[in-house]
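Reviewing the structure listed below.
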Amino acid sequence: MTKRKMELSLEQHEELLSTLKARFEKNMNRHEGLEWANVQAKLEAHTEKLWSLNEMEGTGGEPDVVGYDQETGEYIFYDCSAESPKGRRSVCYDRKALESRKQHKPENSVMDMATAMGIELLTEEQYRELQKLGNFDLKTSSWVQTPDNIRKLGGALFCDRRYDTVFVYHNGAESYYAARGFRGELRV
């Protein structure tokens with residue numbers, strides 16, 4: 001991927017900032033005590049991160065600020081779409097899982113997509129933190145980072161929310177479903 005491809009036009013830049021600001025202001029419960037002007041200043045100082053946020057937005061993730069890391073000085077964005085992002089569904093867990101399929105291979109894998117987008121897959125802990133900010137994945141599910149010991153045995157983890165409870169499940173890493181995608185994190 002060329003550096004040119006990873007830059008936004010001025011119009012895309014302005015449209016994305018407008019979208020992010022509107023979402024930030026509409027969902028203040030996700031980032032109490034934080035001010036948009038400070039977030040925007042950080043984004044303007046790190047415009048390379050806007051490309052990743054635009055990828056999150058373009059695939060249906062609806063990224064929003066969910067925290068601020070005092071130690072690193074970074075704002076933390078998660079995908080906050082009500083359901084698993086539509087543009088990131090029907091994908092298996094990683095490249096190894098994708099290559100292991102003999103028939104009906106999905107077009108991509110979670111880990112490859114996240115890397116290409118410049119984001120990190122949420123951990124189970126981060127997924128649970130997200131669920132404290134609202135009710136997410138009531139009809140869909142989202143892959144989460146899987147510990148190496150589980151992945152080495154062929155499995156992968158995913159989460160959803162049912163019966164007002166967050167559940168963690170397992171599946172073969174090569175599986176994929178129309179209602180399962182993934183959520184990401186970006187630090188700016």
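Stokes-Einstein at 10 °C, 1.306 mPa s, Kirkwood radius from Cα pairs: D for region 40-143 in µm² s⁻¹? Kindly include the intermediate steps, with their values, before the conclusion.
Details: Rh = 14.9 Å.
This corresponds to a translational diffusion coefficient of 107 µm²/s.
Quick check: pseudo-label points 7 Å beyond the Cα along Cα→Cβ at E129 and Y177, how many nm apart are they?
Each label point lies 7 Å from its Cα, and together they span 2.6 nm.
Pick from E120, E44, E71 the residue whose mean-square fluctuation is largest in a GNM of the chain, springs joining Cα atoms under 10 Å.
E71
With a cut-off of 13 Å, note down the residues of region 45-71 whose backbone N falls inside the zone around a label point 7 Å from the Cα of A82 toward its beta carbon.
Counting only backbone N, you get no residues.
What FRET efficiency, computed as 1/(1 + (r/R0)^6) with R0 = 41 Å and r the Cβ-Cβ distance, is obtained for K152 and M6, rounded to the nearest 0.05?
On the way: r = 33 Å, r/R0 = 0.80.
That pair, K152 with M6, gives E of 0.80.
Would you please give the FRET efficiency between R23 and R95, computed as 1/(1 + (r/R0)^6) with r the Cβ-Cβ distance and R0 = 45 Å, to the nearest 0.05? Provide the component values of the computation, followed by the final result.
Details: r = 32 Å, r/R0 = 0.71.
Using R0 = 45 Å, I get an efficiency of 0.90.
Just to check I understand the Karplus step: with θ = phi - 60° and J = 6.51 cos²θ - 1.76 cosθ + 1.60, what whole-Hz values come out for region 72-83, glycine and proline as x?
Karplus-based 3J(HN,Hα) across region 72-83 equals 9, x, 9, 7, 10, 10, 10, 5, 10, 5, 4, 10 Hz.
Which value, in Å², gives the accessible area per residue of the chain when a 1.4 Å probe is used on the protein heavy atoms? Mind showing how you got there, number by number?
Numbers: 10240 Å² over 188 residues.
Here the per-residue accessible area is 54 Å².
Leaving out ligands, DNA and RNA, and with a 1.4 Å probe, what % of the accessible surface on region 61-188 is carbon or sulfur?
Values: 3070 of 6340 Å².
That share works out to 48 percent.
Cross-link list K21/K49; K26/K86; K49/K86; K105/K139: which exceed 18 angstrom alpha carbon to alpha carbon?
Details: K21/K49 15 Å; K26/K86 22 Å; K49/K86 21 Å; K105/K139 24 Å.
As for pairs spanning more than 18 Å Cα to Cα, those are K26/K86; K49/K86; K105/K139.
Mind computing the radius of gyration and Dmax over the alpha-carbon atoms of the chain? Å is fine for both.
16.6, 51
Given the DSSP H assignment, sum -39500 (n - 2.57) over each helix run of at least 4 residues in the chain and divide by its residue total; what's the result at 222 nm in deg cm²/dmol, nearest 500? Could you put the intermediate results ahead of the total?
Working: 7 runs with 65 residues, N = 188.
That comes out to -10000 deg cm²/dmol.
The values are calculated or read from the model by the stated rules, or taken from the named source; none is laboratory data. Small disclaimer: the values here were computed from a predicted structure and weren't measured. Neighbour counts are summed over all protein chains in view; Cβ atoms, including those assigned to glycine, are modelled from backbone coordinates with ideal geometry. When the accessible area is computed, the model is the full protein with side chains, heavy atoms only, and any ligands, DNA or RNA have been set aside. Shrake-Rupley method; radii C 1.70, N 1.55, O 1.52, S 1.80 Å.
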